[in-house]
1. Ordering Glu111, Glu44, Glu89 by how much accessible area each has at a 1.4 Å probe, largest first, what is the list?
2. Once you wrap a convex hull around the alpha carbon atoms of region 27-76, what is its projected area averaged over all directions, in nm²?
3. Which residue, Gly99, Gly56, Gly42, has the most motion in a Gaussian network model of the chain that connects Cα atoms within less than 10 Å?
4. Using the Karplus curve 6.51 cos²θ - 1.76 cosθ + 1.60 with θ = phi - 60°, work out ³J(HN,Hα) for each residue of region 114-119 in order, rounded to whole Hz, and write x for Gly and Pro.
5. Could you give the length gained on full extension between Thr120 and Ser57, defined as 0.36 nm per residue of separation minus the Cα-Cα distance, in nm?
6. How would Asp73, Asp105 line up by accessible area, probe 1.4 Å, largest first?
7. Under a point spin-label approximation (7 Å from Cα along Cα-to-Cβ), what is the Asp105-Asn84 distance to one decimal in nm?
Amino acid sequence: QVQLVESGGGLVQAGGSLRLSCAASGRTFSSAMMGWFRQVPGKEREFVTAIRWSGGSTYYVDSVKGRFSVSGDSAKNTVYLQMNSLKPEDTAVYYCAAGRGLFADIPRSYEYWGQGTQVTVSS
């Protein structure tokens, strides 16, 4: 089992920045990839970004490229999501996930999920 705990969400004005953290514990060596997804009420969970521990490859959805940056600290089993130039449409609950799937951008590639942290961007 892997436990994931997100932190760092909150309320920010458009154009501002937030940094989310996801601390993993448990059988962390079993997860090759860490991802961030987001969800708003009534919509499907949307892929945001992911990072593979081996090699450090990163992936981003087009809407956040150039604004968001994912990074990881393997010694701390923690992944970070730096979000800059935030827009109201970035408002969502952000979920951290861990998994071993082949494709980074689909939920079923991830076995473990955090509880989520709310990000609200005001206009």
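The values are calculated or read from the model by the stated rules, or taken from the named source; none is laboratory data. These numbers come from a predicted model, not from an experiment. Don't worry about glycine lacking a Cβ; one is built from the backbone with ideal geometry, like all the others, and counts go over all protein chains shown. Heavy atoms of the whole protein, side chains included, go into the accessibility calculation; ligands, DNA and RNA do not. Shrake-Rupley method; radii C 1.70, N 1.55, O 1.52, S 1.80 Å.
1. The residues order as Glu44, Glu89, Glu111, largest area first.
2. About 4.6 nm², averaged over all directions.
3. Gly42
4. x, 7, x, 9, 7, 10
5. Extending this stretch completely gives an extra 19.9 nm.
6. The most accessible residue leads, giving Asp105, Asp73.
7. 2.3
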